[in-house]
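In what follows, a single structure is set out as structure tokens and then discussed.
The values are calculated or read from the model by the stated rules, or taken from the named source; none is laboratory data. Since this is a predicted model, take the numbers as computed values, not measurements. All Cβ positions, glycine included, derive from the backbone under ideal geometry; neighbour counts span all protein chains shown.
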Amino acid sequence: MYIVMVTAECAPVAKVGGLADVVYGLAHELEIRGNDVEIILPKYDCMRHDQIYGMQKIFNDLWVPFYDRRIHCSVFFGFVHGRKCFFIEPHSEKNFFNRGVYYGHQDDPERFTFFSRAALEFMFKTGKSPDVIHCHDWQTGIVPVLLFDIYKNLGMTHPRVCFTLHNLKHQGVTGGFILNAVGLGRAEHYFHHDRLRDNFYPGAINLMKAGIVYSNFVTTVSPSYAWEIQNTSLSYGLGQTLNTHAQKFGGVLNGIDYDVWNPAIDRHIPHRYAVNTGQEKKYKNKEALRNRLLLRQDYKPIVAYIGRLDHQKGVDLIRDSIFYSLANGCQFVLLGSSPDHGINNYFLSLKRQLNDNPDCHLEIGFDEELSHLIYAGSDMIVLPSLFEPCGLTQMIALKYGTVPVVRATGGLRDTVFDADYSSRPYHERNGYVFNDFNFKGLESALHRAIGMWYAYPQHFRELIVNGMRYDFSWNHPGRHYLNIYEYIRDK
Ligand SMILES: Nc1ncnc2c1ncn2[C@@H]1O[C@H](COP(=O)(O)OP(=O)(O)O[C@H]2O[C@H](CO)[C@@H](O)[C@H](O)[C@H]2O)[C@@H](O)[C@H]1O
């Protein structure tokens, strides 16, 4: 099968969060299974050029209709750790992708709808006819609308569209001018409640909704989140739309690429280890992590947080987990950043406050390589999320023998099973889970985890082993996505 992914992110070349890992990991798995996969991305100035092999310009004259003119684009091709990637570079005075950041500008909807149109124009001009175009999140939600209402009439009758929702908090709600910009006339047609009109703001269109309504199949990234967004306020207003389209909607738990996230072969950690090669090596990574971050060597567990610093992730509870851990005999390591200056500054001031503490290190920024060492060197990882569509950090942590302490929501609920209270057999329990999104809930789970580490190290080790034995690779989800692709292709 021939699949083209149209996406704003792909790890490690253009990564803000988990979306990037999913695109890379799924593409890799589909290729291993013999499929032809290509990935189309914007050519950002800030992407990791050092992660692209053999970059070359392959198309110089792509003219993309936008408003009442055409914008000249060049298209580059390169391999990102073996994945075939195309990068679209517009030459416009608006400098869509030369802004030093991936997101966070007022005109983000314009930037990414332009990219969506450009990706289709590129496929059309180069005669690409994939079986399936797989789009991700609001940034590419307009793709199926453009495909079925413009490019189909030009002869692109073949491709079907699969659309994946990674996070319904961000929906790309924007003005109707976007329709005009990308060449979709008939505003009154699209401004219908059954089509692109936002469910809250009747004067706005919603790009995530566009993807849901127009795609042949819609997935989200865990079964629990699929249920939550159909039945609770976590849909952020799109629940009704999802229920209307329930027959083409389902949750597929994400995977982890074990060629990237695997302590047995990880090049970013000094001591490689696997489930049956003992805890000794993991302990050596803990020492290395302490040396790297100037933490004191001591008989204490290291509790970590890795992730975007966003309200979704429970900012206040992350802060609380730092102080609770430090007050209860642990060291704490945080790696995270936020595009929100307020949140970033908040953590920077915490960092200053804790600067002299030899048991704590807060790294405010994005550092892929360091994240590997933290996964390997920590004993526990906290994820006190308000909501979590899937969550990759807990799955990575499990593989690295780092015990997750998580709130029971979305994909966290589907992957972490409480050491004390799970209904699963003992050998399937792998972490600590709390229900209530408050300090008490978090602290009760941390209390149990820390207590176990100190009082029953043997039991704690069993939890580590149970976690490392789980298979959260792309093997199962890869098969699942292929079934979906085949289903929509043959329909
Ligand atoms: N400062 C930093 N430095 C280095 N690495 C960092 C980092 N901050 C985050 N990362 C890395 O980024 C990834 C984050 O994964 P998450 O599942 O938390 O994704 P996120 O919430 O962004 O994405 C959304 O999409 C994904 C994918 O579908 C869902 O799993 C998730 O629930 C949903 O919110 C991990 O690989 C993590 O190690």
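Values computed for the structure shown
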item	result
Qualifying positions in the stretch 17-52 - within 16 Å of the ligand (Cβ to nearest atom), touching an Asp or Glu at 6+ places or on another chain (Cβ under 6 Å) and within 18 Å of Ala119 (Cα to Cα)	Ala20
Members of the stretch 163-180 that are in a strand (DSSP E or B) and within 14 Å of the ligand (Cβ to nearest atom)	Phe163, Thr164, Leu165
Residue selected from the stretch 425-450 under the condition more than 26 Å from Gln230 (Cα to Cα) and among the charged types (D, E, K, R), by the criterion surrounded by the fewest Cβ atoms within 10 Å (Cβ to Cβ)	Lys440
Pairs, first in contact (Cβ under 8 Å) with a residue 60 or more places away in the chain and surrounded by 12 or more Cβ atoms within 10 Å (Cβ to Cβ) in the stretch 333-358, second polar (S, T, N, Q) and not in a loop (DSSP other than H, G, I, E, B), C-beta under 9 Å, six or more apart	Pro358/Gln331
Selection status of Asn430, within 26 Å of Ile269 (Cβ to Cβ), away from the ligand (no atom under 16 Å from the Cβ) and not basic (Lys, Arg)	yes
Any hit, the stretch 142-159, residues being closer than 20 Å to Val22 by Cβ and within 16 Å of the ligand (Cβ to nearest atom)	no
Odd one out for Gln394, checked against (1) part of a loop (DSSP other than H, G, I, E, B); (2) crowded, with 24+ Cβ neighbours inside 10 Å	(1)
Test: Ala14 is within 16 Å of the ligand (Cβ to nearest atom), touching a residue at least 24 places away in the same chain (Cβ under 8 Å) and among the small types (Gly, Ala, Ser)	yes
Any hit, the stretch 250-267, residues being in contact with a Leu (Cβ under 9 Å, 6 or more places away or on another chain) and away from the ligand (no atom under 16 Å from the Cβ)	no
Given (1) under 20 Å from the mean Cα position of the chain (by Cα); (2) in a loop (DSSP other than H, G, I, E, B); (3) crowded, with 19+ Cβ neighbours inside 10 Å, number of the condition Asp471 does not satisfy	(3)
Complete set of residues in the stretch 397-416 that are in contact with an Asp or Glu (Cβ under 6 Å, 6 or more places away or on another chain) and either assigned to a helix (DSSP H, G or I) or more than 16 Å from the ligand (Cβ to nearest atom) (or both)	Gly410, Gly411, Leu412
Subset tally (residues that are surrounded by 18 or more Cβ atoms within 10 Å (Cβ to Cβ) and either within 16 Å of the ligand (Cβ to nearest atom) or outside the structural domain of Lys399 (by TED's automatic domain parsing) (or both)) for the stretch 286-301	2
